[in-house]
Structures are given as structure tokens and as C-alpha cells.
Amino acid sequence: MTITSFNEVPKQFHLCINADCPWYNTCLRQIAMRLLPDSEERIKVVNPNLTAHPEADSLGGPACPFYRENRTITYARGFTNMESQMTVNQFRRYRAQFLAAYGRNPFYERRNGKLALSPQEQAFIRRMLLDLGFSIDNPFDTLEERIDWTD
């Protein structure tokens, strides 16, 4: 999955204008920059004086501190299906732990799939379920792939 329109780029995401970069084809900042329409009057860019790193790091990847790999991560939505498979006691304990961690509104927004669950939140839920002795292959209602825009 890759971006095909500048409309997909978050407004706070910084672009890179270093066209001589050897990582030009795989850096999300560069890919987004190439999609920049002429109608955009203002953009955020990383300091070009700090991006000229043609060398690789010790693992063979880009040494540029601003490099963002064009990759996707899996988000999950909702977890109502698994709740119907829990015992009443498991559900009560699970709900109490989740509410203590997130609060009432965030719990229901995530439970009903209104907010997507990050990989970290998915891991938190899986750990909670294991602690309760509840086992299920995929506790989430749906999974979706998204570009990883995180800095």
C-alpha cells in the first residue's frame, strides 16, 4: 500500500525537499512531497541541512534522522464479537480493567469500532484477555491496513 494522493497526507506531517537523497524512492516524506499539488500554499518541511545523509546506518538502512519508511501497519476496529463468547465474570473483569485504563467514552468508541486500535492497544487487549484466561485467535471485529505516519 502506498499513498496515491496528497489528500492522504496528515496536515502535521513534515515533507522532505532533498531531491538528491538516495532513499528518495522509499521515504514517505519524499513520496508525499512528489504528490504535492500546486494548490498547496504552505507545507511543513524538515530542515534540508540535516537530511543529506547518503550513507547507510550500521544495519544498512538510511542514516537520515527524518527517514520514514513507506510501510503499513494493521489497525483493528471493534471487539463486540469476542464479548459474546466470554463468561459473565470474564466480561465484567475485562470491562473494569479497560475502563480503568481508558475511561468510559474511549472504551465505547474503541469497542464499537468508531476509533481504530493501534498495534499497541491491540497488544494491551490481548494481554488483558490472556490474564483473564480467555483465548481467541482474533478478538477484533475487523482489521485494516494503514500507512504508518507516526514520527
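Residues that are under 24 Å from residue 10 (Cβ atoms): find the helices (runs of 4 or more DSSP H) completely inside the range 35-151 holding 2 or more of those. Break it down into steps so the answer makes sense when it comes.
Numbers: elements: 80-83, 88-102, 104-111, 119-131.
Ranges flagged: 104-111, 119-131.
Could you tell me which residue of the range 126-151 is surrounded by the most Cβ atoms within 10 Å (Cβ to Cβ), considering only residues that are in contact with a strand residue (DSSP E or B) (Cβ under 7 Å, 6 or more places away or on another chain) and farther than 30 Å from residue 64 by Cα?
Pass one, the range 126-151, residues in contact with a strand residue (DSSP E or B) (Cβ under 7 Å, 6 or more places away or on another chain): 140-148.
Within this subset, residues satisfying the condition of being farther than 30 Å from residue 64 by Cα are 140-143.
Numbers: 140: 23, 141: 15, 142: 12, 143: 13.
The residue in question is 140.
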Residues in the range 8-31 that are assigned to a loop (DSSP other than H, G, I, E, B) and touching a helix residue (DSSP H, G or I) at 6+ places or on another chain (Cβ under 6 Å) total 5
Six or more apart or on different chains, Cβ atoms under 7 Å: show the pairs whose first residue is in the range 1-12 and modelled with pLDDT under 90 and whose second is part of a loop (DSSP other than H, G, I, E, B). 2/70; 3/9; 3/35; 5/35
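Here is a yes/no grid of residues against (1) in contact (Cβ under 8 Å) with a residue 40 or more places away in the chain; (2) within 24 Å of residue 150 (Cα to Cα); (3) of a type in the set (Gly, Ala, Ser):
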| residue | (1), (2), (3) |
| --- | --- |
| 85 | yes, no, no |
| 88 | no, no, no |
| 104 | no, no, no |
| 110 | no, yes, no |
| 117 | yes, yes, no |
| 132 | yes, no, no |
Matching residues in the range 132-151 - criterion: being more than 30 Å from residue 16 (Cα to Cα) and either among the aliphatic types (A, V, I, L, M) or modelled with pLDDT of 90 or more (or both): 132, 136, 139, 140, 141, 142, 143
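The values are calculated or read from the model by the stated rules, or taken from the named source; none is laboratory data. If you're wondering where the values come from, they're calculated on a predicted model, not measured in any experiment. Cβ coordinates were reconstructed from backbone atoms using ideal geometry, including for glycine residues, and neighbour counts include every protein chain displayed.
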